[in-house]
Amino acid sequence: MKLIIESVSENESFARTAVAAYITRLDPTLEELADVKTAVSEAVTNSIIHGYSKNKGEIEIECRLDGSEVTIVVTDKGVGISDIEKAMEPLYTTKPEWERSGMGFAFMEAFMDQLEVTSEPGKGTCVLMKKRIGKEQDMK
């Protein structure tokens, strides 16, 4: 699935709902569904607020299923991140005046099995997330 949305806050809920609908064929638990929706929300919100700020742009969301694993890639062509390691520190934010918590990447990392962030200043950011659905059923 590939979805391209405009970088406006109203589209964040649409993006998370579209991804949730896409992964329902894996029969996720409510907790797994909530984890994925939260991670997608954080990635899209980061693109809107930090990637594009007050400018308009496009955010691309790609989803792939491979067996019981979902891969979600959220890409923007915004300002990019000059120090990814610093940006991924909990509580770090470039928008303190907007009362941002600085927990976006920490939430993505906590709710997904894998998180990779690549970025180039002036060219944009790509967030790749993976989660295996059905781990709880496997443990029974």
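Would you point out the residue of segment 122-140, among those that are outside any strand (DSSP E or B), of a type outside the set (A, V, I, L, M, F, W, C) and open to solvent by 80 Å² or more (accessible area, probe 1.4 Å), that is modelled with the highest pLDDT?
For segment 122-140, the residue satisfying everything is LYS123.
Just one of (1) of a type in the set (A, V, I, L, M); (2) open to solvent by 20 Å² or more (accessible area, probe 1.4 Å); (3) at pLDDT 95 or above; (4) in contact with a Ser or Thr (Cβ under 7 Å, 6 or more places away or on another chain) fails for ILE84. It is (3). For segment 29-46, the criterion of being surrounded by fewer than 17 Cβ atoms within 10 Å (Cβ to Cβ), out of contact with any helix residue (DSSP H, G or I) (no Cβ under 9 Å at 6 or more places or on another chain) and small (Gly, Ala, Ser) is met by none of the residues.
Here THR71 passes the criteria (1) open to solvent by 60 Å² or more (accessible area, probe 1.4 Å); (2) modelled with pLDDT of 95 or more except the one numbered (1). Screening LYS77 with (1) modelled with pLDDT of 95 or more; (2) open to solvent by 80 Å² or more (accessible area, probe 1.4 Å); (3) more than 16 Å from the chain's Cα centre (by Cα); (4) within 21 Å of SER7 (Cα to Cα) gives one miss only, at (3).
The values are calculated or read from the model by the stated rules, or taken from the named source; none is laboratory data. Fair warning: this is a prediction, and the values are worked out from it, not measured in the lab. Positions of Cβ are backbone-derived with ideal geometry, glycine not excepted, and every protein chain shown enters the neighbour counts. Accessible surface areas use protein heavy atoms only, side chains included; no ligands, DNA or RNA. Shrake-Rupley method; radii C 1.70, N 1.55, O 1.52, S 1.80 Å.
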